[in-house]
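**Student:** Got a structure for you, written out below as structure tokens; questions coming shortly.
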Amino acid sequence: MTETNPATLASTVVWGAFALAFVFGAVGNKTNFCTMGAVSDVVTMGDWNRMRMWLLAIAVATAGATGLQLAGLIDLSKTIYTTPNFTWLSYVLGGLLFGIGMTLGSGCGSKTLIRIGTGNLKSLSVAIVLAITAYMTLKGVLGVFRAAAIDPVGVRFASGQDLPSLLAAPLGIGKKQALALLGLAVAGGLLVFVFKAREFLTFDNVLGGVVAGLVVVGGWYLSGHIGYLAEDPATLEEKFFATNTGRMESFSFVAPQAYLLELLLLWSDKSRVVTFGIAIVLGMFAGSLAWSLATRTFRLESFRDAEDLILHLVGGALMGFGGVLGLGCTIGQGISGVSTLALGSFLAFFSIIAGSALTMKIQYWRLMKSA
């Protein structure tokens, strides 16, 4: 790998990410894969089918990421999720705000891109506000507040915050054995829960969950193995090509939308290039659009009134701020992050669900009050 042209590696990572996201966008459109919808179905109807689709994706991603780590093909300690700094306030607050935002905005970051591909102008508005707010939280005025008031709150685990590292010593086993046991327990437990319900066993349900999980695994392999050099010829340091974080990445849809906005705004700056994250945003939209056009389901849809507009704009802003604060969305933390078995990812995942469920309960209460 060290003899490979760095430009070739970067191009491979970018085009590979686009291809994976294109498949995810098309399949997500076909199967109605929606994490906000999964929470809504459980809260309002007691229907767990779409939640099981999401959990199936987590199981597949966890099994795949664990397998890649055990095979020595990737190193999950080199992700943003498994760092020693366990910023619990960021995970909880970011997750809650993102959950509220995705409910007001009618879908999470990935679903927003899928819906844009179907002609939904509401989702286009949400994506624009999400990208602007996320960029402000990464590098702008909200970023100053984040760095000063929220990021410092947490604890530090010297060995990293992934559960195998935290539990290896108490269990009296090595980290590799702890990873195998925990990976098997999480993936296996979820698979049992998912497939014990016969009503879940439809082609679309299984397809949506399996593909969502596999593209995350593909993302880890692409950025963490194919796009990795132990020693970059230019710097003599290890390098993950075409990633915005400088670490290995997989699917996430908040910060990448901000980086796409930055690229479009600073297009003439030759230092700005298409990265892994930007490629998955473009691929997700393109895949959904291709499926909509192929099945003739593309339809323009706009806001019904001013209140609908306001709710979606607020939702986009909350997703942009909360997604950066919590280091990811329902895909970024809920699947990619959880697949690394990082403690913070589990905390963010449950916080997103709590924020979304609470918002739905309030919306239902308002509806009943006005009836």
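The values are calculated or read from the model by the stated rules, or taken from the named source; none is laboratory data. This structure is a prediction, so every number in the text was calculated from the model and none was measured. No Cβ is skipped: glycine too gets one built from the backbone with ideal geometry, and neighbour counts run over all protein chains shown. SASA here: full protein model, heavy atoms, side chains in, ligands and nucleic acids out. Shrake-Rupley method; radii C 1.70, N 1.55, O 1.52, S 1.80 Å.
**Student:** Rank these residues by their accessible area, most exposed first, probe 1.4 Å: Leu236, Leu289.
**Tutor:** If we order Leu236, Leu289 from most to least accessible, we get Leu236, Leu289.
**Student:** Phe18: accessible area at probe 1.4 Å, nearest 10 Å²?
**Tutor:** About 60 Å², ignoring ligands and nucleic acids.
**Student:** Keeping all protein chains in position, work out how much accessible area Trp291 exposes to a 1.4 Å probe, and write it in Å² to the nearest 10.
**Tutor:** The value for Trp291 is about 90 Å².
**Student:** Here's something else I'd like to know. Tell me the net charge near Gly37. Cut-off is 9 Å between Cβ atoms, Gly37 excluded, with +1 for each Lys or Arg and -1 for each Asp or Glu.
**Tutor:** Charge balance in the 9 Å sphere: +1.
**Student:** Where a ≥ b ≥ c are the square roots of the eigenvalues of the C-alpha gyration tensor, would you call the range 292-363 rounded, which needs a/c under 1.5, or, failing that, prolate if a/b is larger than b/c, or oblate? List each step's numbers first, then the result.
**Tutor:** Values: a/c = 2.48, a/b = 1.47, b/c = 1.69.
Oblate shape, in that a/c is at least 1.5 and b/c is the bigger or equal ratio.
**Student:** By a straight-distance test (C-alpha under 16 Å), which lysines pair with Lys239 as possible cross-link partners, with residues fewer than eight away in the same chain excluded?
**Tutor:** Cα-Cα hits under 16 Å: Lys78.
**Student:** Could you provide, to the nearest whole Å², the per residue accessible area of the chain with probe 1.4 Å?
**Tutor:** About 43 Å² of surface per residue is accessible.
**Student:** Here is a further query. Indicate the gyration tensor shape class of the range 155-273 (rounded, prolate or oblate), computed on the Cα atoms with a ≥ b ≥ c the square roots of the eigenvalues: a/c under 1.5 is rounded; otherwise a/b larger than b/c is prolate and the rest oblate.
**Tutor:** Working: a/c = 2.52, a/b = 1.31, b/c = 1.93.
Judged from the Cα gyration tensor, the range 155-273 comes out oblate (a/c at least 1.5, b/c at or above a/b).
**Student:** Counting Lys and Arg as +1 and Asp and Glu as -1, each charge on the Cβ, what is the dipole of the chain about the Cα centre in debye, to the nearest 20?
**Tutor:** Numbers: 24 positive and 19 negative charges, 148 e Å.
I would put it at about 700 debye.
**Student:** Here are several values of mean projected area of the Cα convex hull in nm²: (1) 22.5; (2) 21.4; (3) 19.6. Which one was derived from the coordinates shown?
**Tutor:** (3)
**Student:** Something else about it: Given DSSP loops and a limit of at most 16 other Cβ atoms within 10 Å, what is the longest stretch of the chain that contains no such GluC sites (Glu not before Pro)? Before the final figure, lay out each step's value.
**Tutor:** Values: sites that count: Glu3, Glu231, Glu237, Glu238.
Within the chain, the longest run free of exposed GluC sites (Glu not before Pro) spans 4-230.
**Student:** PRE reach from Trp15 (point 7 Å along Cα→Cβ): which of the range 232-267 fall under 18 Å by backbone N?
**Tutor:** Residues passing the 18 Å test: 241-243.
**Student:** Mind ranking Thr12, Thr112 by accessible surface for me, highest first, 1.4 Å probe?
**Tutor:** Thr12, Thr112
**Student:** Testing the spin-label approximation: label points 7 Å from Cα along Cα→Cβ at Ser159 and Leu309. State their distance in nm.
**Tutor:** Rounded to a tenth, the inter-label distance reads 5.5 nm.
**Student:** Here's something else I'd like to know. Counting each DSSP H run of 4 or more residues in the chain as -39500 (n - 2.57), what helix-only mean residue ellipticity at 222 nm follows after dividing by all residues, to the nearest 500 deg cm²/dmol?
**Tutor:** -21000 deg cm²/dmol
**Student:** Decide, for the range 34-124, between rounded, prolate and oblate: order the square roots of the alpha carbon gyration tensor eigenvalues as a ≥ b ≥ c, take rounded if a/c falls under 1.5, and otherwise choose prolate if a/b is larger than b/c, else oblate.
**Tutor:** Because a/c hits 1.5 or more and a/b exceeds b/c, the range 34-124 counts as prolate.
**Student:** Which entries in the list Lys176/Lys196; Lys122/Lys361; Lys30/Lys122; Lys111/Lys361 go over 25 Å, if you measure between the two C-alpha atoms of each?
**Tutor:** Lys176/Lys196
**Student:** Related question: Which percent of the accessible area of the chain is formed by carbon and sulfur heavy atoms (probe 1.4 angstrom)?
**Tutor:** On the way: 10710 of 15870 Å².
For the chain, the apolar C and S fraction of the accessible surface comes to 68 percent.
**Student:** Compute the length gained on full extension between Asn5 and Lys361: take 0.36 nm times their separation in residues and subtract their Cα-Cα distance, giving the result in nm to one decimal.
**Tutor:** Residue separation times 0.36 nm, minus the Cα-Cα distance, leaves 122.8 nm.
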